[in-house]
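Visitor: This structure is in structure tokens; I'll ask about it shortly.
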Amino acid sequence: MEKRRKVREFKPGSVFYACLVYLFLYLPIFVVIAFSFNTSEMNITFEGFTVEWYGRMFENRQLMQSFVNTIIVAVASTALSVIIGTLCALGLYKFEFKLKSMISSSLYIPIVIPELVFAIALLIFFSSIHVSMSMVTLVIAHVTFSMPFVVITVRARLAGFDKSIEEAARDLGANELRTFFRVTLPMISPGVISGGMLALTMSLDDVVVSFFTAGPESQTLPLKILGMVRKGVSPDVNALSTLMILGTIVILLTATLIQGKLEKKM
Amino acid sequence: MSKTQEKDVIVRIADVDKSFDGERVVKKLNLDVERGEFLTMLGPSGCGKTTTLRMIAGFEVPTSGQIFLEGEDVDDKKPNERNVNTVFQNYALFPHMNVFDNIAFGLVEKKVKKDEIRRRVEEMIRLVQLDGMEKRMPSQMSGGQKQRVAIARALVNRPKVLLLDEPLGALDLKLRKQMQGELKALQRQLGITFIYVTHDQEEALTMSDRIAVMNRGRLEQVGTPEEVYNYPETKFVADFIGESNIIEGYVEHMTEDSIEVTMESGKAVIPETGYRMEEMVYLCIRPENLKISTEQKEGFRFRGQVREHIFIGSTNKTMIEMPNGQMLKSVTPAEDELVPVGTTVNVYWNPGKAVVMRTKEEQIYNVIEQSVEIEGMRNDQIF
């Protein structure tokens, strides 16, 4: 009892240390947010408050187009990754076949391989089969690197899965498809959702792979920003970044909430 | 169950064999289950009883042989197409559904109307005494409650046969006893055929109409609890169900109405006929039928030494060591006087209380003899 209490007490030293950690993590982000409201175009001194850059950002048609591209690519690649990845995980769980261990460990290659090497490999692959870079190649590229994450999270969920629950559903008159949608999928959904979230965030902020596999008409937001900061960081990039941070926080919170709700039920 | 009466067979297992990776777990199984009966498949773990149950449910396909449900071969029927339901050992409730939805699952699949689902599920909830728990999730329930949900979930579909795979295995002793009574009462009330798998011989004896004893993939004996307890047909059955003294011997003398069996530690006269001279037999005597006395008993020359008395509440168990080292058990009421430890005593039993069984070698011999006869050959040409 005595010991437990001590752990729970806040010591001024640890509070100070925790503050330092958070400052280190989040100060750069606060700087970006602060400068997005700066009247000066230079990111050196704060001269006054304005929302002008937000207006300018929305007027920038190229920027908006790349934003739309990013969303399309992210949603499409996430949906594909989730479907393929979940099926892959289920197949690896349910069936025994030759070279199973080799196939399952080969899924980690896209994760451990240097992203640049992977991106160049994709570039060479697409050009060697004479496919010009477009939204389609971009989506395919994103699926290749985000799908393994879905497989991993869904497999983790399946590790504790009791097969007799599926048998019970079959026994009660459900065919394979009904069993999957009424029993299997709801039970593995926390794994599917967290895998999907990983895939989504990886697709949203990917630069390296997108740089090599995007066509001129399919520039994504990270690529656009990269192009813009070459000429110096302008305040409208700050404004855009602020909105992206906000968006990420909202997505993260909803995902945590949904997941918490699902897991609490079981 | 007279043989002349037409039997109403609901499940027929005919010559079923099942192998996993070349290992035979069920061997040439033949079993008829009658409509409305409580049949228990009893045997040690790995004897093939659960595999047999899973074949009836449709989760496993027999390697050879057929299974008939109400006279129809169900070989090509999937589990969802068979009118049987299973209660699983670990309950296998759907963790993401509450009690009501768990029980309603089968009815929803059958596209039963909503208000009828509600009525039937509520009726089931009352039947298994889970009133007021409709909205509970499985994770918020105790083992006994989960088992009730699992039973209700299966019974609500009004199956022709209910299969139960060691359903009470995970419950503590007291709850298990209570659930045994409730299950038996439910079965009587609903008249549904139950096929119950267990390794607990006491459970099998108290609940069943008939018991099918299995060992190493083979059916050893099928009969009422009284039959398998009082008249075990094989050494395994005698050993597995209840406690037994099993003594090996051979037939030395025969009269018109009895045989004299010579054992390593003595002789006994048994009022049985139909054995051959020199035939190897096992005698099986239940501990409650094995008696000891300081006086010589007629028909017995079988002496041992009292080694130990073990007090078991209402009874005493006396261990008697025979000259060949075998320990025999005798159970007597606690109020009976005990023979002091170390005394040499005569061991005996009431004539008729010993079951004589042929040894396995003899059984094999008989089978060969019969098949040779069937083929129309003369025995003495071979033997």
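The values are calculated or read from the model by the stated rules, or taken from the named source; none is laboratory data. Bear in mind that the values here come from a model prediction, so they are computed numbers and not experimental data. Reconstructed Cβ throughout: ideal geometry from the backbone, glycine too, with neighbour counts over all protein chains shown. Ligands, DNA and RNA are excluded from the accessible area calculation, which covers all protein heavy atoms including side chains. Shrake-Rupley method; radii C 1.70, N 1.55, O 1.52, S 1.80 Å.
Visitor: Could you work out [θ]222 nm for chain B from helices alone, using -39500 (n - 2.57) per DSSP H run of at least four and dividing by all its residues? Round to the nearest 500 deg cm²/dmol.
Guide: That calculation yields -8000 deg cm²/dmol at 222 nm.
Visitor: List the trypsin sites (Lys or Arg not before Pro) within segment A:167-266 that DSSP assigns to loop and that have no more than 14 neighbouring Cβ atoms inside 10 Å.
Guide: Answer in residue order: A:230, A:231.
Visitor: Helix A:185-204 versus the longest principal axis of chain A: what is the Cα-based angle in degrees, 0 to 90, to the nearest 10?
Guide: Approximately 30 degrees, to the nearest ten.
Visitor: Then there's this: What is the magnitude of the charge dipole of the protein assembly as shown about its Cα centre, with +1 placed on the Cβ of each Lys and Arg, -1 on the Cβ of each Asp and Glu, and no other charges, expressed in debye to the nearest 20? Working shown, then result.
Guide: On the way: 74 positive and 79 negative charges, 624 e Å.
Charge dipole, the protein assembly as shown, about its Cα centre: 3000 debye, nearest 20.
Visitor: Here's another thing I want to ask about it. How would you classify segment B:24-92 from its alpha-carbon gyration tensor, with a ≥ b ≥ c the square roots of the eigenvalues: rounded for a/c under 1.5, else prolate if a/b is greater than b/c, otherwise oblate?
Guide: Rounded, since a/c falls under 1.5.
Visitor: Sum -39500 (n - 2.57) across every DSSP H segment of at least 4 residues in chain A, then divide by the residue count to get the 222 nm mean residue ellipticity, nearest 500.
Guide: Taking each H run of at least 4 residues, the total per residue is -24500 deg cm²/dmol.
Visitor: Order A:78, A:248, most accessible first, counting only protein heavy atoms with a 1.4 angstrom probe.
Guide: Heavy-atom accessible area, descending, gives A:248, A:78.
Visitor: Cut-off 10 angstrom, C-alpha nodes, Gaussian network model of chain B. Which of B:312, B:125, B:13 fluctuates the most?
Guide: B:312
Visitor: Using a simple spin-label model with points 7 Å from Cα along the Cα→Cβ vector, what separation in nm is obtained for residue A:252 and residue B:309?
Guide: Taking the simple label geometry, residue A:252 and residue B:309 are separated by 7.8 nm.
Visitor: Decide, for chain A, between rounded, prolate and oblate: order the square roots of the alpha carbon gyration tensor eigenvalues as a ≥ b ≥ c, take rounded if a/c falls under 1.5, and otherwise choose prolate if a/b is larger than b/c, else oblate.
Guide: Oblate is the answer for chain A, as a/c is 1.5 or above yet b/c matches or exceeds a/b.
Visitor: With a 10 Å radius around each residue's Cβ, average the other Cβ atoms per peptide and rank B:297-305, B:172-180, highest first.
Guide: On the way: B:297-305: 16.4, B:172-180: 14.3.
Put in order of decreasing packing, that is B:297-305, B:172-180.
Visitor: Select from segment A:26-117 those chymotrypsin sites (Phe, Trp or Tyr not before Pro) which occupy a DSSP coil region and have at most 16 other Cβ atoms within 10 Å, ordered by residue number.
Guide: Passing both the DSSP loop test and the Cβ count: A:46, A:95, A:97, A:108.
Visitor: Chain pair B, A: how much accessible area is buried, both chains summed, with a 1.4 Å probe, in Å² to 100? Before the final figure, lay out each step's value.
Guide: On the way: alone 20090 and 17030 Å², together 35040 Å².
Using a 1.4 Å probe on protein heavy atoms, the buried area is about 2100 Å².
Visitor: Excluding same-chain residues fewer than 8 positions from residue B:160, which lysines have a Cα within less than 17 Å of its Cα?
Guide: Within the straight-line limit of under 17 Å, residue B:160 reaches these lysines: B:7, B:77, B:78, B:110, B:184.
Visitor: Against the longest alpha carbon principal axis of chain B, how many degrees, from 0 to 90 and to the nearest 10, is the axis of helix B:99-109 turned?
Guide: Taking the Cα atoms of chain B, the angle to B:99-109 is about 80 degrees.
Visitor: Mind telling me which of B:142, B:314, B:19 comes out most flexible in a GNM of chain B, alpha-carbon contacts under 10 Å?
Guide: Greatest mean-square fluctuation among the candidates belongs to B:314.
Visitor: May I ask you to give the percent of accessible area on the protein assembly as shown that is carbon plus sulfur, with a probe radius of 1.4 Å? Provide the component values of the computation, followed by the final result.
Guide: Working: 20410 of 35040 Å².
The C+S portion of the solvent-accessible surface of the protein assembly as shown is 58 percent.
Visitor: May I ask which residue of B:254, B:289, B:306 lies farthest towards the positive end of the charge dipole of segment B:243-355, with charges of +1 (Lys, Arg) and -1 (Asp, Glu) on Cβ and the Cα centre as origin?
Guide: B:306
Visitor: Now, a different point. Can you give the average number of partner chain beta-carbon atoms within 10 Å of each beta-carbon in peptide B:80-88, as a whole number?
Guide: 4
Visitor: Just to verify a number: what accessible area does residue A:244 come out at with the full protein assembly present, 1.4 Å probe, Å² rounded to tens?
Guide: Accessible area, nearest 10 Å²: 70 Å².
Visitor: Related question: With the Cα gyration tensor of chain B giving a ≥ b ≥ c as the square roots of its eigenvalues, does the rule (a/c under 1.5 for rounded; else a/b larger than b/c for prolate; else oblate) give rounded, prolate or oblate?
Guide: Note, shape of chain B comes out oblate.
Visitor: Have a look at A:23, A:123, A:63 and tell me which one the Gaussian network model of chain A (Cα, springs below 10 Å) gives the largest fluctuation.
Guide: Checking each option, the largest mean-square fluctuation is seen for A:23.
Visitor: OK, next. Which of the peptides A:209-217, A:189-197 is most tightly packed, and how do the rest follow, going by the mean number of other Cβ atoms within 10 Å of each residue? Mind showing how you got there, number by number?
Guide: Numbers: A:209-217: 18.1, A:189-197: 22.3.
Descending packing order for the listed peptides: A:189-197, A:209-217.
Visitor: Just counting partner chain Cβ atoms within 10 Å, what average do the residues of peptide B:231-243 show around their Cβ?
Guide: If you average over the peptide's residues, the count of other-chain Cβ atoms is 0.
Visitor: Inside 10 Å of the C-beta atoms of A:181-191, what's the mean count of C-beta atoms belonging to other chains?
Guide: Average per residue, whole number: 2.
Visitor: Give the angle, between 0 and 90 degrees and rounded to the nearest 10, that separates the Cα long axis of helix B:360-374 from the longest principal axis of the Cα atoms of chain B.
Guide: 80 degrees
Visitor: Give a quick list of chymotrypsin sites (Phe, Trp or Tyr not before Pro) in segment B:1-92 that DSSP marks as loop, anything other than H, G, I, E or B, with at most 12 other Cβ atoms within 10 Å.
Guide: none
Visitor: Based only on Cα atoms, what mean projected area does the convex hull of the protein assembly as shown have, in nm²?
Guide: Working: hull surface 196.0 nm².
About 49.0 nm², averaged over all directions.
Visitor: Ok, one more. Counting only heavy atoms of the protein chains, get the accessible area per residue of chain A (1.4 Å probe) and round it to a whole Å² value.
Guide: Value returned for chain A: 60 Å² of accessible area per residue.
Visitor: With a 10 Å radius around each residue's Cβ, average the other Cβ atoms per peptide and rank B:78-84, A:160-166, A:133-139, highest first.
Guide: Values: B:78-84: 17.9, A:160-166: 15.0, A:133-139: 20.0.
Final packing ranking: A:133-139, B:78-84, A:160-166.
Visitor: Which whole-number percent is the relative contact order of chain B (Cα, under 8 Å, 6+ apart)?
Guide: 14 percent
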